[in-house]
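Below is one structure, written out as C-alpha cells; comments come after it.
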Amino acid sequence: MKPSRLEAFSDGVFAVAITLLVFNLKVPDVASGHLASALGHQWPSYFAYVISFLSIGICWVNHHSILDRVEKADRELLFINLGLLLGIVSIPFSTSLAATWYNQGDNAKWAISLYCGIWVYTSAMFILTIRHLMKHEHLAENATGVALKTLHRKGYLGFSIYILATVVAFVLPIVAFIICFALAFYYVVGISDEVSV
C-alpha cells in the first residue's frame, strides 16, 4: 500500500482526537456575577486539555516524520499503525477522566495512572513502528539505519518518563500530571531536531 493512504487515514484520526478534547471543557452553569470563580474552579480541565492537546500534536508531528521516511506500507505496519491510533483516540476519554477525578483520593490515583498508562501504550506503539521499519529496511528506503536508530532511541525517553509518571500517579497524582506536562513542554520547546515520541 502507498504510505499516502496510511498517512491520510491517520491524519483524520489525529484530527478527530485532538478536536474531541475541547468537548471536555464545559461552560459553567452559574448565577450572574460568579462566572470568574466558576471558571477558576475548572482549572484541572484546562490543564488536562493543554497537556493532551500538546501531546497529541507532538504525536502527529512525530507520526508525520516517521511516515515521511516510508516508501511502502506492508500489512504488519498497517496493523501497528492501527494500534497506535487506538492509543490516540483513547486520550480524550482519559483526559476527561483525569480532569474530573484529579482530587478524589484513590479515584485520582486510578484516573491519572490510567491517563499516564495510555501514554505509555502510545509511546510503545511508536517504538514498535520504528522497530518494524528498522527490521524491514525495504519499507523505508529513504531513511538510513542511523536515522532510524536515532528515532528509536528518542522514543524510549517518552516511554520511560510516562512509566515514571504512571508509578508516581499512585502516590502523587497531580505530580504525575505535571510530569506529563513537563515532557510535552520539553518536546515542544526543548528539542528542535527530528522526532521525539
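The values are calculated or read from the model by the stated rules, or taken from the named source; none is laboratory data. All of these numbers come straight from a predicted model, not from anything done at the bench. No Cβ is skipped: glycine too gets one built from the backbone with ideal geometry, and neighbour counts run over all protein chains shown. Areas reflect the complete protein model, heavy atoms only, side chains present, ligands, DNA and RNA absent. Shrake-Rupley method; radii C 1.70, N 1.55, O 1.52, S 1.80 Å.
What the table shows:
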item: Residue satisfying all of: in the range 62-99; of a type in the set (A, V, I, L, M), open to solvent by 20 Å² or more (accessible area, probe 1.4 Å) and in contact (Cβ under 8 Å) with a residue 40 or more places away in the chain; nearest to Q42 (Cα to Cα) among these; result: V89
item: Filter result for the condition that a residue is modelled with pLDDT of 75 or more and either outside any helix (DSSP H, G or I) or among the acidic types (D, E) (or both), over V171, V175, V167, V195; result: V171
item: Yes/no for P3 being surrounded by 13 or more Cβ atoms within 10 Å (Cβ to Cβ) and touching a residue at least 60 places away in the same chain (Cβ under 8 Å); result: yes
item: Residue match in the range 111-132 (condition: touching a residue at least 12 places away in the same chain (Cβ under 8 Å), closer than 25 Å to E76 by Cβ, in contact with an Asp or Glu (Cβ under 9 Å, 6 or more places away or on another chain) and charged (D, E, K, R)); result: no
item: Total residues in the range 148-177, condition polar (S, T, N, Q) and open to solvent by 60 Å² or more (accessible area, probe 1.4 Å); result: 1
item: Residue within the range 18-33 that is over 20 Å from L151 (Cα atoms), open to solvent by less than 10 Å² (accessible area, probe 1.4 Å) and modelled with pLDDT under 85 present; result: no
item: Filter result for S10 (polar (S, T, N, Q), surrounded by 14 or more Cβ atoms within 10 Å (Cβ to Cβ), modelled with pLDDT of 80 or more and within 21 Å of F185 (Cα to Cα)); result: no
item: Filter result (in a helix (DSSP H, G or I), open to solvent by less than 60 Å² (accessible area, probe 1.4 Å) and modelled with pLDDT under 85) within the range 178-192; result: Y187, G190
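Yes/no matrix, rows are residues, columns are (1) at pLDDT below 90; (2) under 30 Å from K2 (Cβ atoms):
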| position | (1), (2) |
| --- | --- |
| L114 | no, no |
| M125 | no, yes |
| T129 | no, yes |
| A140 | yes, yes |
| L151 | yes, yes |
| I161 | no, no |
